[in-house]
Amino acid sequence: MGTVKILSLLTAALLFVPLAANARVLVWDHDGGQSFHDPDDPERLVGSERAVEAALANLGVAGVERKYVLPLNLEPYEAVFVLCGFWPGDGRLSYSEQQTLANYLASGGNLYLEGTELARRYGGTPLFRKAGVRFEDDGRPLEEGNVNVAEGIGPWRGISLTYYSYRTDSPDAYVDELGLAGGEVVVRSRRAGNRSNARVVRYAATALPEYRVIVSSFIFGALENGKHTRADLMGRYAGFFGLTAPPNKIGVAPTSLGRVRALFR
């Protein structure tokens, strides 16, 4: 069998491996050890990182790593989840960390940014200008409440989860209200905000190198499983990032160069 034919067969085999099997995902736990009441067991305190990791595992996404210090080189990762927590002890992003994340997007990466104060603190930075989102309002204090129900809209219409922390726990204090700068609102709070009830915005860069960003101002782990589960919402995140293939299309080669590069690491 000729060399060219062997290479062609190897390439075809790689392209039709289920996407989740090739994923290497970083969860950067940058909330300083914050915890809140577990929606599944209110007597227990948990952090959002455990809910994110459990939801990814539920979807069959392998190769998930948790780190407490951001690696300087993120290119080996198919997706990076940044968890900065909630006011007042939310994790801050240094200039060098912002630059590392921006460089990752420039390499064609998939970035999830979570934190109640991220848009307020970094809405005017180069990193957020790449994310297709802008800061609208700081939200309300805890006693007034911000997010009662997280409700999918547009392409994510139909998914709905109760926010367990509503008016009772710190993840619902001063939850940033988001605006658009090229992105698309995919999750809103059912309760209207001061200026906006947009709480999750996604953005897909179409110019090369292609990259994708999801910004969430509410805390994923504070969502309560019900008719829809956290894994259902994570399925939207993972599908947008190409970590899981669409139904009945497992193994179909992704078209994004940012995703193709991950298959040949």
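Every read-out reported here was derived from the displayed coordinates using simple, explicitly stated rules and does not represent laboratory data. The structure displayed is predicted, hence computed values, not measured ones. Don't worry about glycine lacking a Cβ; one is built from the backbone with ideal geometry, like all the others, and counts go over all protein chains shown.
A few notes on this one:
- For Tyr211, residues with placed amide H under 5 Å, excluding near neighbours: Ala205
- Backbone phi angles across region 82-91, fed through the Karplus curve with coefficients 6.51, -1.76 and 1.60 (θ = phi - 60°), yield HN-Hα couplings of 9, 10, 9, x, 9, 5, x, x, 4, x Hz in residue order; Gly and Pro are listed as x.
- Nonlocal amide H pairs with Leu113, under 5 Å, H built at 1.01 Å: Val82, Ile214, Val215, Ser216
- The 3J(HN,Hα) values that the Karplus relation (6.51, -1.76, 1.60; θ = phi - 60°) gives for region 195-207 are, in residue order, 10, 7, 10, 6, 10, 10, 10, 10, 9, 10, 6, 9, 6 Hz. Gly and Pro appear as x.
- A Förster radius of 41 Å combined with the Cβ-Cβ distance from Asn103 to Arg50 puts the calculated FRET efficiency at roughly 0.90.
- Added length on full extension, which subtracts the Cα-Cα distance from 0.36 nm per residue, Asn148 to Asn58: 29.9 nm
- DSSP-loop GluC sites (Glu not before Pro) across region 113-191, with at most 16 other Cβ within 10 angstrom: Glu143, Glu144
- Around Pro155: net Lys/Arg minus Asp/Glu count, Cβ-Cβ under 11 Å: +2
- Nonlocal amide H pairs with Arg134, under 5 Å, H built at 1.01 Å: Gly179, Leu180, Ala181
- Across region 136-147, computed HN-Hα scalar couplings (Karplus, 6.51 cos²θ - 1.76 cosθ + 1.60, θ = phi - 60°) run 10, 7, 7, x, 9, x, 4, 5, 8, x, 10, 10 Hz from first to last residue, x flagging Gly and Pro.
- Sum of side-chain charges, Arg188 neighbourhood, beta-carbon under 9 Å (Lys, Arg +1; Asp, Glu -1): +1
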